[in-house]
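> Structure in structure tokens, see below.
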Protein chains: 2
Amino acid sequence: MKVEALLQLDNQLCFPLYAASRMVTKLYQPLLEKLDITYPQYLILVVLWESDALTVNEIGKKLMLETNTLTPLLKRMEIKDIIKRTRSKIDERQVIIKLTDKGSSLKQQALCIPTELLEGVKGQFPLERVDRLKNDLKALLEVLT
Amino acid sequence: MKVEALLQLDNQLCFPLYAASRMVTKLYQPLLEKLDITYPQYLILVVLWESDALTVNEIGKKLMLETNTLTPLLKRMEIKDIIKRTRSKIDERQVIIKLTDKGSSLKQQALCIPTELLEGVKGQFPLERVDRLKNDLKALLEVLT
DNA sequence: CACGATTGTATCGTGCACGATATATTATAC
DNA sequence: GTATAATATATCGTGCACGATACAATCGTG
């Protein structure tokens, strides 16, 4: 392909990636509103529902986010009473993030979210393609990390 | 797959999409820094380099962005003297966005960007897979629009 | 054991995204 | 033609992202 053509929006990978990411976030929003959380807050909960009591750094590694993003985000979540932040006794530099009862109980309400969203696109975007897309994105992430 | 498993980070499509989008933006950053522009500003330029003199709305449709995002973004670009904003004479509600000489000339410096980035990943992520990923993302976008 | 390096979190500033709302201009209906 | 609706952009407030920097706790080395 010509260098000129590569610069066009339609030929770039970066734009559909950027746009699809925002669109998917919007897709989650009405469902997450019922739980009174944002999309990044949902991702943090997903991580904690899998294994509770993580440090800020551990959450950051899983979500590829730095503490300058996480600290204020976690503080907002603490205010909402879905997580608790406590300094580690062993290493006072670390802050341990634990789910509150409210945070734990949100999991039950969240269980239906992935299924509901997949059901919504299944007709026009088959599950096999979702899987292929997921794997390609993971592979790309590996390369970029 | 079990409902419980679907909620795990590793099985969700949304997370690699979100993370890959941010990673790719970071990949562009050192190259865009030389042009003194941000990633969303680059996307606006890509659109204008293809067809100059668009309204805010037309840019918004191409990039799937609302005016509440675009207006401040375009104002920052005007301050940098890479675009010019002028009210349309025919319809005074519309604002026409035109490249300045500086904005036009940036295209020459940007031409190498897509090639350079593709070269960088080619070894570990073949071009065929880039194309497949691009097409899958475009298809997903279609479904979500 | 002292002191410089490293690690973990926080703070600051800037730039998106976007829902909600405002305002001005044009189009439409009667 | 005037009231009303639709359209185009702008404004406001909130919540991310993230580079740069600060700071305290711990580690490593002589």
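The values are calculated or read from the model by the stated rules, or taken from the named source; none is laboratory data. Please read all numbers here as calculations on a predicted model, not as lab measurements. Positions of Cβ are backbone-derived with ideal geometry, glycine not excepted, and every protein chain shown enters the neighbour counts. Surface accessibility is based on the protein's heavy atoms, side chains included, excluding ligands, DNA and RNA. Shrake-Rupley method; radii C 1.70, N 1.55, O 1.52, S 1.80 Å.
> Could you pull the copy-to-copy label distances for B:Lys2, with points set 7 Å along Cα to Cβ, in nm to one decimal and sorted shortest first?
5.7
> Here's another thing I want to ask about it. Report in % the part of the accessible area of the protein assembly as shown that belongs to carbon and sulfur, leaving out ligands and nucleic acids; probe 1.4 Å.
Carbon and sulfur: 51 percent of the exposed surface of the protein assembly as shown.
> With every protein chain present, what accessible area does A:Ile96 have (1.4 Å probe, heavy atoms only), rounded to the nearest 10 Å²?
Accessible area of A:Ile96: about 30 Å².
> Here's another thing I want to ask about it. Quick one: label points 7 angstrom along Cα→Cβ at B:Lys26, distances to the other copies in nm, smallest first?
Ordered by distance, the counterparts are at 2.6 nm.
> Mind jotting down the distance between the C-alpha centroids of the range A:1-35 and the range B:99-141, whole Å?
14
> Further question: Determine the total buried accessible area between chain B and chain A, counting protein heavy atoms only with a 1.4 Å probe; round to the nearest 100 Å².
Values: alone 10700 and 10700 Å², together 15390 Å².
Using a 1.4 Å probe on protein heavy atoms, the buried area is about 6000 Å².
> Sequence neighbours fewer than 8 away in the same chain don't count; with that in mind, list the lysines whose C-alpha is under 18 Å from B:Lys62.
The qualifying lysines are A:Lys26, B:Lys98, B:Lys134, B:Lys138.
> Taking the full set of protein chains and a 1.4 angstrom probe, give the accessible area of A:Met64 in square angstrom, rounded to the nearest 10.
50
> Let me ask another. Specify, for chain B, the residue whose C-beta is closest to the rotation axis mapping it onto chain A, with the distance given in whole Å.
Closest Cβ on chain B to the axis mapping it onto A, in Å: B:Ser21, 2.
> Now, a different point. B:Leu127 label points, 7 Å along Cα→Cβ, one per copy: pairwise distances from this copy to the rest in nm, shortest first?
For B:Leu127, the inter-copy label distances come out at 3.6 nm.
> A further question on this structure: I'd like the orientation of helix A:14-33 relative to chain A: the angle between its Cα long axis and the longest Cα principal axis, in ° from 0 to 90, rounded to 10.
Tilt relative to chain A: about 40 degrees.
> Residues of A:127-135, mean number of Cβ from any other protein chain within 10 Å of their own Cβ, rounded to a whole number? List each step's numbers first, then the result.
Numbers: counts 1, 0, 4, 3, 2, 3, 10, 9, 3.
Mean shielding by partner chains, rounded to a whole number: 4.
> Shielding of B:1-7 by partners, i.e. mean partner chain Cβ atoms within 10 Å per residue? Let's see the in-between values first.
Working: counts 4, 1, 5, 4, 1, 7, 11.
Whole-number average of other-chain Cβ neighbours for B:1-7 is 5.
> Apply the Karplus curve 6.51 cos²θ - 1.76 cosθ + 1.60, θ = phi - 60°, to the phi angles in the range B:62-77 and return the couplings in whole Hz, x for Gly and Pro.
For the range B:62-77, the Karplus-derived couplings read 5, 9, 6, 10, 8, 5, 5, 8, 6, 3, x, 4, 5, 5, 5, 5 Hz, x marking Gly and Pro.
> With the cut-off at 1.5 for a/c, could you classify the protein assembly as shown from its C-alpha gyration tensor as rounded, prolate or oblate?
Values: a/c = 1.80, a/b = 1.64, b/c = 1.09.
Verdict is prolate for the protein assembly as shown.
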